[in-house]
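Worksheet for the structure shown next.
The values are calculated or read from the model by the stated rules, or taken from the named source; none is laboratory data. Fair warning: this is a prediction, and the values are worked out from it, not measured in the lab. When the accessible area is computed, the model is the full protein with side chains, heavy atoms only, and any ligands, DNA or RNA have been set aside. Shrake-Rupley method; radii C 1.70, N 1.55, O 1.52, S 1.80 Å.
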Amino acid sequence: MKDKQIEKLIKEESARSKKVINLIASENYVSRDVLQALGSELTNKYAEGYPHKRYYAGNSVTDKVEDLAKARALKLFKLSPNSWAVNVQALSGSPANVAVYLALVPTGGKIMGMSLDHGGHLTHGHKVSITGKFWKQVPYGVDKKTEVINYEEISKIALEHKPDIIVAGFTAYPRKIDFKKFREIADSVGAYLLVDMSHLGGLVAGGVYPSPFPYADVVMTTVHKTLRGPRSALIFSKKDSRNIDILIDKAIFPGMQGGPHLNQIAAVAVALGEAATPAFKIYAKQIIANAKELSASLAGLGWRIVSGGTDSHLILVDTWMDGKGIGGKDATDVLEKNDIIVNKNTIPFDTRSPMDPSGIRIGTPAETTRGKKEKDMKKIAEKIDVILRKEMSKKK
Ligand code: DSN
């Protein structure tokens, strides 16, 4: 590169990321092909609008890129273009969720989503997010005793508040979601069902996590987590007389965004092609096997795992353990000093603050991409245990 300052920083980040054990549940390592597409000339082109209906001339090639990304997205999740549409222009997960609400929920309407401290996302209606300012959140959480979703409770809340849309899908909930039950609850109050499978896209594509498509009206996923692609999002909508797909296209452009990032869309197409291979199915299976091993090993070493385990790529560890352990911030900091990267995270019914919560969130997609298996997870659990206990003994 001619820009030596930025070149140096890119190299530094590359070296940092290679040196550490990366357990951020929402991160991954993309292929060279994805990087190449991201760094391509496609970044130069303005293509406001949608394929074959653009506002600028010169889009004969970009139309093919976007058509290909859409076709691959539908094929990966075994969706017929007659029944499902997909929008590939959302820049990332948060704007994708906002676009869905903009399309389907009147301003001031109700979004029923999981509370942040129970594993939901800011864009599920939290008050600090635009989604909590333009719409009103009806929060739900997990059961205090089991720390898993109690569908009867969710049903009661829905009947009481009559939300316009119910969001199923989370950033820090480790268990399987019963999408059928969510459908029944949504039907009981006439609400749309949005499944935010941002964390789960690669697991659903790999066939190792239940598919939400038989039940949802809209399914959103980011591409950069378990799907191992560039930062981006896909919004799938059921095609029927409600015209959800048309409303969502309009919400993305011209509602919220301008020119799509065609280099990003090309990289999405590359990642979707990779996710359709048999090797990806093996990868997805290994992500979960690794998470289960990490969870069991940490539990065996005396750490409390929220909900007692995991069915997915992530686990929540209660490091604080009612004052007998270590706070989430201290745990994250000391692990980083030892080249293990996790994020501090609230646990359900947390009495501590989000800046220093009671737990950490740990995920296996990134290290599984690097070829780690169950035996490596055992060693990682032992390392985490030694580091945290040493820090705890210093604080006594
Ligand atoms: N920041 C993402 C995560 O880590 O889950 C969600 O937006």
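Quick look at the values:
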| item | result |
| --- | --- |
| Equivalent-ellipsoid semi-axes of the range 277-332, from the Cα gyration tensor, Å, largest first | 27, 11, 8 |
| Carbon + sulfur, % of accessible area of the chain - ligands and nucleic acids excluded, 1.4 Å | 55 |
| Spatial extent of the range 169-304: Rg and Dmax, with the Cα atoms as the point set, Å | 17.1, 55 |
| The range 1-112: projected area of the alpha-carbon convex hull, averaged over directions, in nm² | 11.7 |
| Å² per residue, accessible surface of the chain at 1.4 Å | 44 |
| Percent breakdown of C-alpha pair distances by 5 Å bin, ordered from the shortest bin, for the range 308-396 | 3, 14, 24, 26, 19, 10, 4, 0 |
| The range 356-385-the range 141-181 distance, computed between alpha-carbon centres (Å) | 27 |
| Per-residue SASA entry for Thr43, accessible area with 1.4 Å probe, Å² rounded to 10 | 90 |
| Whole-angstrom gap from the range 224-255 to the range 1-70, using each part's C-alpha centre | 19 |
| Solvent exposure, largest accessible area first (probe 1.4 Å, DNA, RNA and ligands not counted), of Tyr283, Tyr56 | Tyr56, Tyr283 |
| Heavy-atom accessible area order for Arg361, Arg352, Arg370, largest first, 1.4 Å probe | Arg370, Arg352, Arg361 |
| Equivalent ellipsoid, the chain (semi-axes from 5 times Cα gyration tensor eigenvalues, Å) | 34, 28, 18 |
